[in-house]
Amino acid sequence: MANIPEDNRYAKSHEYIHVEGDMATIGITDYAQKELGDVVFVELPQVGAQLDAGDELGSIESVKAVSELFAPVTCEVVEVNESLVDKPELVNTDPYGDGWMIKVKISNVEEPDDLMSAEEYEEYVEKESGK
Amino acid sequence: MADTPSNHPLKKTPLNAVGRELGGKMVDFGGWELPVQYSGILDEHEAVRTRVGVFDVSHMGEVTVRGRQASELLQKTTCNDVSKLDNGKAHYTGLLYPTAGFVDDILIYRKSTDDYFIVVNASNTDKDYEWFADCAKGMDVEVRNVSPDYAQLAVQGPEAQKVLQPMTEVDLGAIKYYRFSQGRVLGAPAIVSRTGYTGEDGFEVYLSPEHAPQLMRKLVESGVKPCGLGARDTLRLEAKMALYGNDIDDSTTPIEADLAWIVKFDKGDFMGRDVLEREKSEGPRRKLVGFEMIDRGIARHGYPVVDGSKEIGGVTSGTHSPTLKKSIGLAYLPLDKSAQGSEFTVLIRGKEARARVVPTPFYKRAK
């Protein structure tokens, strides 16, 4: 089964956001990395980019498919995970840890509350995978 | 990641249950439920390049052509020269329309002068069978679709012979490349050929559906890595083997597809010959080339090749090459832009990216 940590919020497009105050870390979920398979290339935004919730923030290529990444909340990019350039496989091996994608400053700290909780995301994934 | 809804229940191969048991992640592949991967595409790919893997390719179709005029039918409908086949020999060829477009790309096995076993792409099985049957009208030849009688396992990789030999009475060492033998595998009657779709040494085993699961299990128990469609695609692309529906179809000819080596003009008349002769003398309008990305990204099937605002060609296959660790692919380009070393622009989801025409195959095994 996919690992779904309690202390994150989740988007329907399978990004997680880990919030600490008005700062947050964004990546893709364990379920998403399993669906994608071996990740070989991650395209991320520039530091300083302003993103509205739902904006495409980059893309992730696995051997078999490409998938777009979307900003789960309105935010400003303050850091991107440069280690994914040489080690995109970190997205597979440690999606919530070393495989994070961007760190952001959240515009409205209440916005993440609109996203799914771990429990809700688990139900959502079960429905989507038809199990 | 979206599921493709289908109105029909998916067809299952005789190895479906074993595939699930082994942890295969099932997908809809042209109406067949098949594993796209087990442990992961990169891991499976490497296993085939360095050791040995096994693929369930039972979805592939089989057609037999038998009778006094069997050779004549195949000479008329395909572009390679069937008269060059001996008993126990197979070849790759194009089943062509009069336009020289591909009905399918197929393997023809000659069992005897009036008995041929033909392996066709799964999604083309009915179409190919009907095409053969139509072309055979009035001839002394019997065409049968025998696909339900056969499961097929591909055992591929440098250690293929070593792992398969203990399971069969057939002397695998005596089977040369693109030759086959008939004999028992785990006690079941089988056709074993030294063929494959990976660019590695290996065998394809055709046997009855009820005997296939035990062979698959036994191979995996012997340390053979179960492999899915994902690795099959990266392996075949590195070896520059065409995929019907991606790289070739009814609108592309063997000359355009850089498959001139399967077109034999000295064998007499065949369907599409006049078109192919013209393409050979005047040059085809476009040519399928191998490319590497210069810029980052993967150019995938259907992405346009552009010159300024004009679309001049298209990508037919593209992936990350696990062996070369590069982004590679195949594309149709206008003939005058298809020389090795030429650079071109492909649109990756609307963004321009540069690519370069390179020699193929991308990967060739050391002999």
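The values are calculated or read from the model by the stated rules, or taken from the named source; none is laboratory data. Here the structure is a predicted model, which is why all the values come from computation and not from measurement. Cβ atoms come from the backbone with ideal geometry, glycine included; neighbour counts cover every protein chain shown.
Take the conditions surrounded by fewer than 18 Cβ atoms within 10 Å (Cβ to Cβ) and more than 16 Å from B:E200 (Cα to Cα) and apply them to B:P158. Does it pass?
In short, no.
Of everything in the stretch A:86-114 that's in a helix (DSSP H, G or I) and in contact with a strand residue (DSSP E or B) (Cβ under 8 Å, 6 or more places away or on another chain), which residue is surrounded by the most Cβ atoms within 10 Å (Cβ to Cβ)?
Checking each candidate, the answer is A:V91.
Loosely packed, with under 13 Cβ neighbours inside 10 Å and of a type outside the set (G, A, S): is that true of A:N3 in this structure?
The answer is yes for A:N3.
Taking the stated definitions as given, is B:Y116 under 22 Å from B:D266 (Cβ atoms), surrounded by fewer than 19 Cβ atoms within 10 Å (Cβ to Cβ) and within 21 Å of the chain's Cα centre (by Cα)?
Values: under 22 Å from B:D266 (Cβ atoms): yes; surrounded by fewer than 19 Cβ atoms within 10 Å (Cβ to Cβ): no; within 21 Å of the chain's Cα centre (by Cα): yes.
No, not satisfied.
Scan the stretch B:233-251 and give yes if some residue there is of a type in the set (S, T, Y), buried (at least 17 other Cβ atoms within 10 Å of the Cβ), in contact with a strand residue (DSSP E or B) (Cβ under 8 Å, 6 or more places away or on another chain) and assigned to a loop (DSSP other than H, G, I, E, B), otherwise no.
Filtering the stretch B:233-251 for residues of a type in the set (S, T, Y) gives B:234, B:244, B:251.
Imposing the further condition that a residue be buried (at least 17 other Cβ atoms within 10 Å of the Cβ) reduces the set to B:234, B:244.
Checking which are in contact with a strand residue (DSSP E or B) (Cβ under 8 Å, 6 or more places away or on another chain) leaves us with B:234, B:244.
So of that shortlist, the ones also assigned to a loop (DSSP other than H, G, I, E, B) come out as none.
Among the residues of the stretch B:233-251, not one is of a type in the set (S, T, Y), buried (at least 17 other Cβ atoms within 10 Å of the Cβ), in contact with a strand residue (DSSP E or B) (Cβ under 8 Å, 6 or more places away or on another chain) and assigned to a loop (DSSP other than H, G, I, E, B), which makes the answer no.
Looking at the structure I just gave you, is B:V82 closer than 19 Å to B:T252 by Cα and at pLDDT 95 or above?
So B:V82 does not fit the description; no.
Can you name every residue in the stretch B:68-119 that is of a type in the set (V, I, T) and assigned to a loop (DSSP other than H, G, I, E, B)?
Once the filter is applied, which keeps residues that are of a type in the set (V, I, T) and assigned to a loop (DSSP other than H, G, I, E, B), the stretch B:68-119 yields B:T99, B:T113.
What is the residue count in the stretch B:190-232 for residues that are assigned to a helix (DSSP H, G or I), more than 14 Å from every other protein chain (Cβ to nearest Cβ) and not β-branched (V, I, T)? Walk me through how you get there before you give the answer.
Start the filter on the stretch B:190-232 by keeping residues that are assigned to a helix (DSSP H, G or I), which leaves B:209-221, B:229-232.
Narrowing the set further to residues that are more than 14 Å from every other protein chain (Cβ to nearest Cβ) leaves B:209-221.
Restricting the remaining residues to those that are not β-branched (V, I, T) gives B:209-219, B:221.
The qualifying residues number 12.
Could you check A:A65 against (1) touching a residue at least 12 places away in the same chain (Cβ under 8 Å); (2) on the phi > 0 side of the Ramachandran plot; (3) within 14 Å of chain B (Cβ to nearest Cβ); (4) surrounded by fewer than 18 Cβ atoms within 10 Å (Cβ to Cβ) and say which number it fails?
Looking at each condition in turn, A:A65 falls short on (2).
I'd like to know if the stretch B:99-111 contains one or more residues that are under 28 Å from B:R278 (Cα atoms), of a type in the set (G, A, S) and in contact with a Gly (Cβ under 7 Å, 6 or more places away or on another chain).
Yes; the residues of the stretch B:99-111 include at least one that is under 28 Å from B:R278 (Cα atoms), of a type in the set (G, A, S) and in contact with a Gly (Cβ under 7 Å, 6 or more places away or on another chain).
Of the conditions (1) assigned to a loop (DSSP other than H, G, I, E, B); (2) without any contact (Cβ under 8 Å) to a residue 60 or more places away in the chain, B:I312 clears all except one; give me its number.
Checking B:I312 against (1) assigned to a loop (DSSP other than H, G, I, E, B); (2) without any contact (Cβ under 8 Å) to a residue 60 or more places away in the chain, the one that fails is (1).
If I ask for residues that are more than 11 Å from the chain's Cα centre (by Cα) and within 8 Å of chain B (Cβ to nearest Cβ), which ones from the stretch A:28-58 would you list?
Across the stretch A:28-58, the qualifying residues are A:E35, A:L36, A:G37, A:D38, A:V40, A:F41, A:E43.
Scan the stretch B:26-46 and give yes if some residue there is surrounded by 23 or more Cβ atoms within 10 Å (Cβ to Cβ) and small (G, A, S), otherwise no.
No, every residue in the stretch B:26-46 fails to be surrounded by 23 or more Cβ atoms within 10 Å (Cβ to Cβ) and small (G, A, S).
Might you let me know whether the stretch B:291-309 holds any residue that is within 21 Å of the chain's Cα centre (by Cα), farther than 23 Å from B:E352 by Cβ and in a loop (DSSP other than H, G, I, E, B)?
no
Please specify each residue of the stretch A:115-128 satisfying the condition of being out of contact with any Asp or Glu (no Cβ under 7 Å at 6 or more places or on another chain), part of a helix (DSSP H, G or I) and in contact (Cβ under 8 Å) with a residue 40 or more places away in the chain.
A:E120, A:Y121, A:E122, A:Y124, A:V125
Of the numbered conditions (1) out of contact with any Phe, Trp or Tyr (no Cβ under 7 Å at 6 or more places or on another chain); (2) surrounded by fewer than 19 Cβ atoms within 10 Å (Cβ to Cβ); (3) free of Cβ contacts under 8 Å to residues at least 24 places away in the same chain, A:E56 fails exactly one; give the number of that condition.
Only one criterion is unmet by A:E56, namely (1).
Can you name the number of the only condition in (1) closer than 16 Å to B:A339 by Cα; (2) within 14 Å of chain A (Cβ to nearest Cβ) that B:G283 fails?
It fails just one condition, (2).
So, in the stretch B:138-173, exactly how many residues are in contact with a Lys or Arg (Cβ under 8 Å, 6 or more places away or on another chain) and hydroxyl-bearing (S, T, Y)?
1
Anything in the stretch B:9-41 that is more than 20 Å from the chain's Cα centre (by Cα) and among the hydrophobic types (A, V, I, L, M, F, W, C)? List them, or say none.
Result: B:L10, B:A17, B:V18, B:L22, B:M26.
List the number of the failed condition for A:G21; all other conditions in (1) within 14 Å of chain B (Cβ to nearest Cβ); (2) surrounded by fewer than 22 Cβ atoms within 10 Å (Cβ to Cβ); (3) of a type in the set (G, A, S); (4) over 13 Å from the mean Cα position of the chain (by Cα) hold.
Condition not satisfied by A:G21: (1).
Please verify whether B:D104 is more than 22 Å from A:D38 (Cα to Cα), modelled with pLDDT of 95 or more, surrounded by fewer than 22 Cβ atoms within 10 Å (Cβ to Cβ) and not basic (K, R), treating the condition exactly as stated.
It is false that B:D104 is more than 22 Å from A:D38 (Cα to Cα), modelled with pLDDT of 95 or more, surrounded by fewer than 22 Cβ atoms within 10 Å (Cβ to Cβ) and not basic (K, R).
Does the stretch B:131-153 contain any residue that is of a type in the set (F, W, Y), within 21 Å of B:G94 (Cβ to Cβ) and in the same structural domain as B:L74 (by TED's automatic domain parsing)?
Yes.
Determine which single condition B:M26 fails, assuming it passes every other condition in (1) in a strand (DSSP E or B); (2) in contact with an Asp or Glu (Cβ under 8 Å, 6 or more places away or on another chain); (3) in contact (Cβ under 8 Å) with a residue 40 or more places away in the chain.
Tallying (1) in a strand (DSSP E or B); (2) in contact with an Asp or Glu (Cβ under 8 Å, 6 or more places away or on another chain); (3) in contact (Cβ under 8 Å) with a residue 40 or more places away in the chain, B:M26 fails exactly one: (3).
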